[in-house]
Amino acid sequence: MRFVFLIFLFFNMLLGTEKINIVVSVIPQIYFVKKIGGDYVNVNAMVPDGRSPETYEPLPSDMKIIKNARVYLGVGMEFEKIWEKRFKGVNSKLQIIDLSKGLNLREFTHIHPDSSHHHSRYDPHIWLSVALAKEQVKKISEILIELDPSRAFIYSQNLQRFEKEIDHLDDAIKAIFAMPNAQKSFVVYHPAFGYLASEYGLDEISLEVDGKSPKIKKMMTLAEIIRQKNIQVIYIQPQFSKKRVLALANDLKLRVLELNPLALDWEQNMLYIAKTIATQGQK
């Protein structure tokens, strides 16, 4: 066994130590890429910690990470489309790949006040879907193998290992919401957890409408729904200001708790989000 390990190390040295430089849109994607690429990748997130990808615009200092990257892995955020040409201007050889392409995406549907028509856009929070996470990491494995075929076996093995971990996570989340008295309806300010809700039979109730606080008529409807479903908490992301939510929470008689959709440790964070929703933050 020791002999096999030494052979592995020897061939690994022959392959070289140069790492693949990759830029991703959001921090949880770092977790995905590192799970597959391990020590053979350098990964940076375009959206810094504490910033919201919905309102993010890259600063000149942020563009530095683009310069030496071989690949940019997006998730379908608006800023990716707007800034694609500028990314290419900084690095003409940059390969830009949208990981949301080909996935079964949720739609956000907005009905206009006159009810005459509506428009839809796709939910870009694809890293918050356990099912879509498996498809994303498979794509990441294929990309790394294409860029670095000499380590195809390593990336394939890492993929298989991570897929099993995702399956275990799926089972754990199912068990959380199968508990007696598990809360399955929850209120958020910004609708980031729709994929999680769809996959585990939950009801995400969003206060935000087209990026704005709800009007009085919707507040009255929400108050009745909250009362009927025994909802005690409103969840806010740390990337958003609490000020706009505190008044709404007070009007609706709800506690305010944070759920961070952009935490680095994706597996632990998904478990934490599920447990917090199921228990309404009770220990």
Surrounding charge for Ile205, neighbours by C-beta under 12 angstrom, Lys/Arg +1, Asp/Glu -1, total -1
Hits in segment 40-78: amide N under 15 Å from the 7 Å Cα→Cβ extension of Leu264, namely 42-51
Calculating percent of Cα pairs over 29 Å apart from this structure picks out, from (1) 41; (2) 26; (3) 32, entry (1)
Relative to the chain, whose Cα atoms define the longest principal axis, helix 216-228 and its Cα axis are tilted in degrees, nearest 10, by 80
Expected vector for segment 88-102, Karplus 3J(HN,Hα) from phi with 6.51, -1.76, 1.60 and θ = phi - 60°, integer Hz, x for Gly and Pro, equals 5, x, 6, 9, 5, 8, 5, 8, 9, 10, 8, 5, 7, 4, x
Amide H proximity to Ile234 below 5 Å, modelled H, separation 5+ or other chain, gives Arg255, Val256, Leu257
One finds the C-alpha centres of segment 122-152 and segment 77-101 to be spaced, in Å, by 17
Once phi for every residue in segment 170-179 is put through the Karplus expression 6.51 cos²θ - 1.76 cosθ + 1.60 (θ = phi - 60°), the whole-Hz ³J(HN,Hα) values, with Gly and Pro written as x, are 4, 4, 5, 5, 4, 5, 4, 7, 8, 5
Per the 1/(1 + (r/R0)^6) rule, R0 = 22 Å and r from the Cβ atoms of Glu135 and Arg161, FRET efficiency to 0.05 is 0.85
Applied in sequence order to segment 187-195, the curve 6.51 cos²θ - 1.76 cosθ + 1.60 (Karplus, θ = phi - 60°) yields integer Hz couplings, x standing for Gly and Pro, of 10, 10, 7, 10, x, 9, 10, x, 5
Beyond 24 Å (Cα-Cα) in this structure, taken from Lys67/Lys138; Lys212/Lys242; Lys34/Lys164, we find Lys67/Lys138
Under 5 Å from the placed amide H of Ile96, counting only residues 5+ away or on other chains, we find Tyr72
If every Lys and Arg gets +1 and every Asp and Glu gets -1 at its Cβ, then about the Cα centre segment 128-236 yields a dipole, in debye to the nearest 20, of 480
Summed over the other residues with a beta carbon less than 11 angstrom from that of Phe177, with K and R at +1 and D and E at -1, the charge totals +2
Rounded to the nearest 5, the percent of DSSP beta bridges in segment 56-211 running antiparallel is 40
Long-range amide H partners of Val41, meaning residues 5 or more apart or on another chain whose placed amide H is closer than 5 Å, are Ile20
Note to self: C-alpha centroids of segment 48-62 and segment 181-260 sit apart, in Å, by 25
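No lab work stands behind these numbers, since they all come straight from the coordinates. Since the model is a prediction, treat every value here as computed from it, not as a measurement. Note that each Cβ is placed from the backbone with ideal geometry, even for glycine, and that neighbours are counted across all protein chains shown.
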